[in-house]
Amino acid sequence: MKYNFDKETIRRGSNSYKWDMPKEDGVLPMWVADMDFEVAPCITEALEKRVAHGIFGYTLVPESYYEAVIRWFSRRHGWDIQRDWILYTSGVVPAMSSVIKALCMPGEKVLVQTPVYNCFFSSILNNGCQVAESELRRTGDTYEIDFEDFERKCADEKTTLFLLCNPHNPACRVWSKAELRHMNDICRRHGVRVVSDEIHCELVMPGCRYTPFAAVSDDCQNNSIALSSPSKSFNTAGLQMANIVCNDAETRRRINRALNINEVCDVNPFGPIALEAAYNGGEEWLEELNQYLYQNYLTLRKFFEDRLPQLEVMRLEGTYLVWVDTKSIGLRSDELTERLLKEGKVLVNSGTMYGKKAGEGYIRINIACPRSRMLEGLERIAAVLSNNTKE
Ligand SMILES: Cc1ncc(COP(=O)(O)O)c(C=O)c1O
């Protein structure tokens, strides 16, 4: 490998939310979704150049930024975006919140597929809307869509928007073209617009293929708004840069108003530079990252098979967030997470963050770290759980 993902960069003490949030000493964090890898050198170099300039006033996003986004999605994913379809903002969550504000009346329902990323719930509720849940159906070591239930929820006249997670965090699914098309057909039948959060779109394991929702068909394009950012895959979440892509001028005008009302229409000087560097020069690094993450996943699976066979590791198609069924332990997810923290000094996410019912009995483990660090975390988990198993 050209890039060294084994390097153990010390993050504690760097104002890292992931590392410096835990109050207890010596905690190994395997929770919030950022990675312990230094970014691609092309990103650091571009940022260093900008820092050397020494002035950090308000930012104008240049044309070259839009060109980088358009080229990236066209080349890698066969999705042709036009320049004026793109609105930028300071994050995918601010984007999501603004889109809900723009398109939904308070009291309306926004559909989500649980278990799902926790901010989906808060974005919906903060905009005065209600959450409509269609639980994903567990089948073996993965999840599928219960299309009957999905259609029932879409048919509710209060449901006006569907918030899709593609690829899905934490169900680890990279939705197929057929699944995306089927979801859109149902949404169309019931007048439901689709907002597709595609922040994890570059984190895809071998044998799986991400399809942008809007690239499935003209109809999918016309019925959807896409949210994306290089921040998960290139580890630049703190630089706060995201895009909203929508081909309808009137919808864009409304979203733009909401971005202004929410005051999330400005970005910092580093966000656009990091995006351009990543999309223009980071592809090789990204390919190696995905290989490394997949090896981490296989290592984790083997570890669980050998040492904790009573736990079920779900299939990882996308993201670096591994979803583990812990029901055999006989503890509620929140209790288990607490014990792992107190007794094992390892911090994972409790499944209930992603749906009280759908996430109960699961934990989510972030494996985007050097393999030695991941193994240390797994040892800590095993030390707590091997004494605690209900056969
Ligand atoms: C599905 C999903 N959307 C959005 C975000 C956060 O996006 P941002 O930091 O750009 O607001 C995350 C972070 O984990 C995520 O998993």
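The values are calculated or read from the model by the stated rules, or taken from the named source; none is laboratory data. Nothing here was measured: the structure is a model prediction, and the numbers come from that model. We place every Cβ from the backbone using ideal geometry, glycine too, and count neighbours over all the protein chains shown. For the accessible areas, the whole protein counts, side chains as well, though only heavy atoms, and no ligand, DNA or RNA atoms are used. Shrake-Rupley method; radii C 1.70, N 1.55, O 1.52, S 1.80 Å.
Computed quantities for the displayed model
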read-out: Residue within the stretch 308-325 that is assigned to a helix (DSSP H, G or I) and crowded, with 22+ Cβ neighbours inside 10 Å present; value: no
read-out: Every residue from the stretch 22-38 that is within 16 Å of the ligand (Cβ to nearest atom) and surrounded by fewer than 21 Cβ atoms within 10 Å (Cβ to Cβ); value: Val32
read-out: Criterion violated by Asp80 - all others in (1) surrounded by 16 or more Cβ atoms within 10 Å (Cβ to Cβ); (2) of a type outside the set (A, V, I, L, M, F, W, C); (3) in contact with a helix residue (DSSP H, G or I) (Cβ under 8 Å, 6 or more places away or on another chain) satisfied; value: (1)
read-out: 1 or more residues touching a Lys or Arg at 6+ places or on another chain (Cβ under 7 Å): qualifying helices (runs of 4 or more DSSP H) within the stretch 1-112; value: 17-20, 63-77, 92-103
read-out: Output for the stretch 171-188, where each listed residue is closer than 18 Å to Glu151 by Cβ and part of a helix (DSSP H, G or I); value: Ala178, Glu179, Leu180, Arg181, His182, Met183, Asn184, Asp185, Ile186, Cys187, Arg188
read-out: Count of residues meeting criterion [away from the ligand (no atom under 16 Å from the Cβ), under 27 Å from Gly26 (Cβ atoms) and touching a Leu at 6+ places or on another chain (Cβ under 9 Å)] in the stretch 311-337; value: 7
read-out: Which listed residue, of Tyr292, Tyr297, Tyr279, is modelled with pLDDT of 95 or more, under 21 Å from Cys369 (Cα atoms), surrounded by 17 or more Cβ atoms within 10 Å (Cβ to Cβ) and out of contact with any strand residue (DSSP E or B) (no Cβ under 8 Å at 6 or more places or on another chain); value: Tyr292
read-out: From the options Ile86, Ile81, Ile55, residue that is under 30 Å from Glu284 (Cα atoms), among the aliphatic types (A, V, I, L, M) and away from the ligand (no atom under 16 Å from the Cβ); value: Ile81
read-out: Test: residue in the stretch 54-64 that is more than 23 Å from the chain's Cα centre (by Cα) and within 30 Å of Leu341 (Cα to Cα); value: no
read-out: Within the stretch 194-215, tally of residues that are surrounded by 22 or more Cβ atoms within 10 Å (Cβ to Cβ) and either hydrophobic (A, V, I, L, M, F, W, C) or within 16 Å of the ligand (Cβ to nearest atom) (or both); value: 13
read-out: Tally, over the stretch 342-381, of residues that are closer than 26 Å to Cys165 by Cβ and open to solvent by 20 Å² or more (accessible area, probe 1.4 Å); value: 6
read-out: Qualifying position, being at pLDDT 95 or above, among the charged types (D, E, K, R) and assigned to a loop (DSSP other than H, G, I, E, B), among Glu360, Glu335, Glu343; value: Glu360
read-out: Pairs with Cβ under 7 Å, 6+ apart, first in the stretch 84-95 and farther than 18 Å from Phe270 by Cα, second within 12 Å of the ligand (Cβ to nearest atom) and assigned to a helix (DSSP H, G or I); value: Val93/Cys119; Val93/Ser123
read-out: For Val174: the one exception among (1) open to solvent by less than 40 Å² (accessible area, probe 1.4 Å); (2) in contact with a Leu (Cβ under 6 Å, 6 or more places away or on another chain); value: (2)
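So that you can scan it fast, the table gives a plain yes or no per residue for (1) away from the ligand (no atom under 16 Å from the Cβ); (2) closer than 16 Å to Leu275 by Cβ; (3) touching a residue at least 60 places away in the same chain (Cβ under 8 Å); (4) surrounded by fewer than 20 Cβ atoms within 10 Å (Cβ to Cβ):
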position: Glu45; (1), (2), (3), (4): yes, yes, yes, yes
position: Val69; (1), (2), (3), (4): no, yes, yes, no
position: Lys109; (1), (2), (3), (4): yes, no, no, no
position: Arg137; (1), (2), (3), (4): yes, no, no, yes
position: Thr142; (1), (2), (3), (4): yes, no, yes, yes
